[in-house]
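S.K.: Dropping a structure here in structure tokens format, bear with me for questions.
The values are calculated or read from the model by the stated rules, or taken from the named source; none is laboratory data. The model shown is predicted, which means the values in this text are computed figures rather than measured ones. Neighbour counts are summed over all protein chains in view; Cβ atoms, including those assigned to glycine, are modelled from backbone coordinates with ideal geometry. Surface areas here come from the heavy atoms of the whole protein model, side chains and all, with no ligands, DNA or RNA. Shrake-Rupley method; radii C 1.70, N 1.55, O 1.52, S 1.80 Å.
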Amino acid sequence: MSAIPAKPATLSRASTADEVLYGSDDSHLDFRGSVLVEPGRVVLSTVVQIHNARGRAYFGIVRLVHPRLVRMMLTHAARKLSR
């Protein structure tokens, strides 16, 4: 069994000086996200389109940990960049 996914994830979709759009499509769900840098803050937005039961199960787990994990990652990045 290979560790390489059959369909590689497409992450970066588009970017400007202060925003990056990213996303990936799969058989169970598609997601899109945006990281927008504004003066004094960073705004992260995500949208998920679920296709089937596997997507519902996967997203049911992800939605529990996603907000906390993203906040931790953004806090870590902010601290590292402010040094």
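S.K.: Hey, what did the chain get for relative contact order, percent, Cα under 8 Å, at least 6 apart? Don't jump to the answer; show the numbers that get you there.
M.R.: On the way: 87 pairs, mean separation 13.6, N = 83.
16 percent.
S.K.: List, in order, the whole-Hz ³J(HN,Hα) value for each residue of the range 69-77 obtained from phi through the Karplus relation with A = 6.51, B = -1.76, C = 1.60 and θ = phi - 60°; use x for Gly and Pro.
M.R.: 4, 5, 4, 4, 5, 5, 4, 4, 4
S.K.: Which net charge results for the neighbourhood of residue 64, defined as the other residues with beta-carbon distances under 14 angstrom from its beta-carbon, given Lys and Arg at +1 and Asp and Glu at -1?
M.R.: Details: positive: 56, 63, 68, 71; negative: none.
Here the count lands on +4.
S.K.: If you don't mind, there's one more thing I want to ask. I'd like the carbon and sulfur percentage of the solvent accessible area for the chain, probe radius 1.4 Å, heavy atoms only, ligands and nucleic acids excluded.
M.R.: Numbers: 4200 of 6900 Å².
In the chain, the share of accessible area belonging to carbon and sulfur is 61 percent.
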